[in-house]
1. Check off (1) in a strand (DSSP E or B); (2) within 22 Å of the chain's Cα centre (by Cα); (3) not charged (D, E, K, R) for Leu170 and give me the number that stays unchecked.
2. Name the residues in the stretch 339-398 that are part of a loop (DSSP other than H, G, I, E, B), more than 26 Å from Ile319 (Cβ to Cβ) and polar (S, T, N, Q), would you?
3. Being among the β-branched types (Val, Ile, Thr), surrounded by 23 or more Cβ atoms within 10 Å (Cβ to Cβ) and at pLDDT 90 or above is the requirement here; does Ile344 meet it?
4. Can you tell me which residue among Glu578, Glu563 is under 24 Å from Phe410 (Cα atoms), open to solvent by 10 Å² or more (accessible area, probe 1.4 Å), in a strand (DSSP E or B) and not hydroxyl-bearing (Ser, Thr, Tyr)?
5. Pick out the one residue from Leu557, Leu601, Leu587 that is open to solvent by 10 Å² or more (accessible area, probe 1.4 Å), of a type in the set (A, V, I, L, M, F, W, C) and part of a strand (DSSP E or B).
6. Scan Ala525, Ala520, Ala540, Ala550 and give me the residue that is more than 15 Å from Phe378 (Cβ to Cβ) and touching a residue at least 40 places away in the same chain (Cβ under 8 Å).
7. Does the stretch 542-554 hold any residues that are open to solvent by less than 10 Å² (accessible area, probe 1.4 Å) and within 24 Å of the chain's Cα centre (by Cα), and which are they?
8. Quick one: Glu312 ticks every box in (1) within 30 Å of Val387 (Cβ to Cβ); (2) open to solvent by 10 Å² or more (accessible area, probe 1.4 Å); (3) over 10 Å from the mean Cα position of the chain (by Cα) bar one, so which box is it?
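The values are calculated or read from the model by the stated rules, or taken from the named source; none is laboratory data. All figures in this text were calculated on a predicted structure; none of them were measured in a lab. We place every Cβ from the backbone using ideal geometry, glycine too, and count neighbours over all the protein chains shown. Keep in mind that these areas ignore ligands, DNA and RNA; they rest on the heavy atoms of the full protein, side chains included. Shrake-Rupley method; radii C 1.70, N 1.55, O 1.52, S 1.80 Å.
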Amino acid sequence: MDGTNDGFLRNESRNRGEESILRSNLFLDHFGEVVVTLNSDGLSWKLLEAANNKMDRSSCWVTSHGSKIENAIKFSDIYAVEFINWCLIHESILPKSGGFPVGHDSEMFCFMVHGFQRSKTQRSLWILTTYTFGHKDLQICQTWVNQINASMEEMQADRPKSLLVFIHPLSGKRNGCRTWETVAPIFSRANVKTKVTVTERAGHAFDVISSMKDEELKSHDGVVAIGGDGFFNEILNGLLSPRYKASYPPAPTDFVHTAENTESNLVHHPNETTSKSSHQNEPLLSNSGPNSSGFSNIRSEDQDTILSFPNEKFRLGIIPAGSTDAIVICTTGTRDPITSALHIVLGKRVRLDIAQVVRWKTSILSKDAPSVRYAASFAGYGFYGDVIKESEKYRWMGPKRYDYAGTKVFLQHRSYGADIRFLEVKAENVNAIPVKGLQGRGTRSLWGPQKRPERLVCHVNCSVCTESVNPTQMITKSPTETDYMIPKDSRWLQSKGHFLSVGAAVISCRNERAPDGLVADAHLADGFLHLILVKECPRAFYLWHLTQLAKKDGSPLNFKFVEHHKTPAFTFMSFGDESVWNLDGELFQAHQLSAQVLRGLVSLFASGPEV
């Protein structure tokens, strides 16, 4: 191609079959004159000298400082294109032979391509990148902006246009507002409208969302929480409690509860969200509702509800600003506000299982109406509940309060009596690699963990989650059909005794204190809970279990005093001295409860961790 008098090549547009190509000579800020090509996948560019001399032999260039500069970006990695009327294109940071002569800056019309690159050391960490291209011809710049936007049009359908944003200003290290200030420009550049609410008290977000009309909620593409796991739990319950009607969890025939009125109105407290149920609460037999589709297929009976669940379009987002941020780490692979914001504006989608927890009694003598709560990551009793309860006294310490409270509770070494029932899961119904020792089978050592079994870890495009989540199978259309999809040969198993802790993990619960989480191979949307029962044992053994949790590639479940059961539902009843439940970091008092997993009930702005 021949150059023009002003040093630019002419603009070219042509077709190759069905692939439209736009090519121009442009100037790339801090780089030099390049030949830029637009194809069906994205943009790529070459140094003018390399293009003319056919010297380009790599996917990136190396500057005189040794850093690499990418020479391509996919449309899927671009979140905004911005036209700038007039700007300064700076000299090249490459050696003299590869760009402008030193000291030559030029003013010209410009456009900016905003996107991200994956970190070279941590694939799940996304790093903002901006490429500024310039040309002295205004029409050429406008053509490029229009063509890039047109090429990205198909992707725009999944990307949000309007979001409700709730900020917890005191979450974690009290940096919720500062976190929003950091990511807000990303939403602005992507032309995403945001209605921001800074919460002023406990339960504020719940009250706002639960009282909103469905028409108003549906006018937005989702809700974003800026805070920790507990704040996300508040928003989740505010969304589901008044709108999602599910039958109570299945239970053994001898599980007696006190519900007398199936239309009981339940009172909401700031830290204890509840809902109204419209279903009979007769316990199901272990073989009720046979269906070959799987477990926990729940229907939404309110046909007039505009915003129904599951709902692929209406999604929830989390930008981490809490003390643990386990849900963000499990769904994006990292604890980074920028990465989370990019998942949101790019319209990523992943389904997430939700645990429905129903309290039948607050204490042994109480006669309560059933209280329904939802949890996205974890429900824990004993050690886990005591730590959260104790940590509430030391909120002024910030995230360090969990270490202090955890040490105090560990030294107390309290155990609690309980009767726990859970649905047995046959090996053929588990969409994962069998774990030796699961449900008490196999040989495990009391004195130390066995060799870690093979794990199938959840990741982007996880086959376990994508195959098991099928909305057409989840929703039962006929009101006469059973709410539960339980195989005929399922049965209830029992574990009774004194426990240091009882935990039900919906997801792996990875965090900075437990790099593999409570259950390394737990999945985001496979329709199972991981029930972890730690029986009474000497303090030294329990410490060994906890240290295994804190280790990368540890084996915290392979002790004889630890039971691990994969199940869609369980029941719990305390006897004697009582602890408190921890639901996603929020306190929940219950003497008797039942729980089930609701498979893929909500969709998140996330894609899963990259491996």
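1. Looking at each condition in turn, Leu170 falls short on (1).
2. Our first condition is that a residue be part of a loop (DSSP other than H, G, I, E, B); within the stretch 339-398, this holds for 346-349, 362-370, 376-377, 398.
Narrowing the set further to residues that are more than 26 Å from Ile319 (Cβ to Cβ) leaves 362-370.
Those that are part of a loop (DSSP other than H, G, I, E, B), more than 26 Å from Ile319 (Cβ to Cβ) and polar (S, T, N, Q): Thr362, Ser363, Ser366.
3. Numbers: among the β-branched types (Val, Ile, Thr): yes; surrounded by 23 or more Cβ atoms within 10 Å (Cβ to Cβ): yes; at pLDDT 90 or above: yes.
Considered against the rule, which asks whether it is among the β-branched types (Val, Ile, Thr), surrounded by 23 or more Cβ atoms within 10 Å (Cβ to Cβ) and at pLDDT 90 or above, Ile344 comes out as yes.
4. Numbers: Glu578 fails: in a strand (DSSP E or B).
On inspection, the qualifying residue turns out to be Glu563.
5. Details: Leu557 fails: part of a strand (DSSP E or B); Leu601 fails: open to solvent by 10 Å² or more (accessible area, probe 1.4 Å).
Criteria check complete, one pass: Leu587.
6. Values: Ala520 fails: more than 15 Å from Phe378 (Cβ to Cβ); Ala540 fails: touching a residue at least 40 places away in the same chain (Cβ under 8 Å); Ala550 fails: touching a residue at least 40 places away in the same chain (Cβ under 8 Å).
Criteria check complete, one pass: Ala525.
7. Residues of the stretch 542-554 that are open to solvent by less than 10 Å² (accessible area, probe 1.4 Å), as a first pass: 542, 545, 554.
Within the stretch 542-554, just Gly554 meets the criteria.
8. (1)
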